[in-house]
Amino acid sequence: MAFDSWQELIWMGGYGWYVWLAYGMTFLAIALLTIHGLLTRKKLRQLAVKKQQQQQRIARRKQQERNRSKLADDSTS
Amino acid sequence: MWKWLHPYAKGEAAYRLLGHWQPWLSGLALILVSVGVIWGLLYAPADYQQGDSYRIIFIHVPSAMFAMGAYTGLAITAFIVLVWQIRTAEWAIAAIAPVGAVLTFISLFTGAVWGKPMWGTWWEWDARLTSQLILFFLYVGVLALYYAFNDSRTGAKAASILALVGVINVPIIHFSVYWWNSLHQGATITRFGDTLMPSSMKMPLYISILGFMFLTAALIVYRLRNEILKQELHRPWAMAQLGVENDHGV
């Protein structure tokens, strides 16, 4: 260990502000990039759910129309 | 090799392959960066000239290296886009550029914060710093072009042309400290002959560099998988990957 105490580690021989600022910003930048990726994924999932509901609605409507035309056919025959 | 490589031009196969790599890349990145950084911050000895301020090197050098490395990868991808027009390569442009931009930002920021106590200034318009700043703008320009068109294929092509032209900047960054008089110190690690560093500083630096390599790869792979899903969302397999079952076979 290059430092004897926590104070010395934070002080960094007088360069503490610079060293910790550099490490802090690095961590922040990578964290933001990662969070952005996770949020994109979440948004994609919501989009997929919406798309699925849309497709189900269309399928249901088609089914209803098919039933209706079948009923009409039955009544005319 | 081409026969083996060919299926990965398709979104689904590429998505699955990258999915196998993802946990290994992420895990190795986390372990190696942690070990390298903690070793560098806590256990490496102070520099006889620069004191403890030199500890910034353990993130400054790796981020700068892979800012350039990612750009080289981006240029190769751009070449593939322009010559073979492979869709996965087009999407990789959108995955690599933001990661490269963030790495370049980190290298510039940590460099400025290191420069203040050592050179007495946050910024100096010298060759190394200026060419690295241009690298940042190249990444931003590639991203802007990619998203500037309604048709994503046109955007990818335009972005690729800029990425390919901009690759000339990479050797300029690398050799800038030799070609021009620079405030920036020369290379710490040289390929030929011994490095100037004692091994107690060299080891954590090497580990950190290796860690940043995996970190860069992991971040790119994660973004590429997102981009593949985004572009293939109309296909049942992509919906299934997002946990949405498409049960009526449309």
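From the list A:Leu9, A:Leu38, the one residue that fits, being within 30 Å of B:Asn226 (Cβ to Cβ) and within 12 Å of chain B (Cβ to nearest Cβ), is A:Leu38.
Number of residues in region B:155-181 that are more than 18 Å from B:Arg87 (Cα to Cα), of a type outside the set (Ser, Thr, Tyr), in contact with a Ser or Thr (Cβ under 8 Å, 6 or more places away or on another chain) and part of a helix (DSSP H, G or I): the value is 4. Of all residue pairs spaced 6 or more apart or on separate chains, those with beta-carbon atoms under 7 Å, a first member in region B:139-159 that is farther than 15 Å from B:Ala75 by Cα and of a type in the set (D, E, K, R) and a second member that is open to solvent by less than 30 Å² (accessible area, probe 1.4 Å) and part of a helix (DSSP H, G or I) are B:Arg153/B:Glu90. Counting the residues of region A:52-77 that are of a type in the set (Gly, Ala, Ser) and under 30 Å from B:Arg235 (Cβ atoms) gives 1. Taking region B:112-139 on its own, how many of its residues are more than 14 Å from chain A (Cβ to nearest Cβ) and either part of a helix (DSSP H, G or I) or under 21 Å from the mean Cα position of the chain (by Cα) (or both)? Residues meeting the conditions: 11.
Going through (1) touching a Ser or Thr at 6+ places or on another chain (Cβ under 9 Å); (2) assigned to a helix (DSSP H, G or I) one by one, B:Ala101 falls short only on (1).
Within the option set B:Ile96, B:Ile106, B:Ile86, B:Ile80, being open to solvent by less than 40 Å² (accessible area, probe 1.4 Å) and either more than 9 Å from chain A (Cβ to nearest Cβ) or basic (Lys, Arg) (or both) holds for one residue only, B:Ile96. The residue list A:Val49, A:Val19 contains one member that is at the interface with chain B (Cβ under 7 Å from one of its Cβ atoms), at pLDDT 90 or above and under 28 Å from B:Leu108 (Cβ atoms), which is A:Val19. All told, A:Thr26 meets the bar of being of a type in the set (Ser, Thr, Tyr), out of contact with any strand residue (DSSP E or B) (no Cβ under 6 Å at 6 or more places or on another chain) and within 7 Å of chain B (Cβ to nearest Cβ).
For the residues B:Ala46, B:Ala9, the requirement of being within 14 Å of another protein chain (Cβ to nearest Cβ) and modelled with pLDDT under 90 singles out B:Ala46. For region B:212-233, state whether one or more residues are facing another protein chain (nearest Cβ under 10 Å), in a loop (DSSP other than H, G, I, E, B) and more than 28 Å from B:Thr130 (Cα to Cα). Yes, region B:212-233 has at least one match. Only a single item in (1) within 10 Å of chain B (Cβ to nearest Cβ); (2) in contact with a Phe, Trp or Tyr (Cβ under 8 Å, 6 or more places away or on another chain); (3) hydrophobic (A, V, I, L, M, F, W, C); (4) open to solvent by 50 Å² or more (accessible area, probe 1.4 Å) is not met by A:Ala2, and it is number (4).
The values are calculated or read from the model by the stated rules, or taken from the named source; none is laboratory data. None of these values were measured; they are calculated from a predicted model. With ideal geometry, Cβ positions are generated from the backbone for all residues, glycine too; neighbour counts draw on all protein chains shown. These area figures cover heavy atoms from the full protein model, side chains too; ligands, DNA and RNA do not enter into them. Shrake-Rupley method; radii C 1.70, N 1.55, O 1.52, S 1.80 Å.
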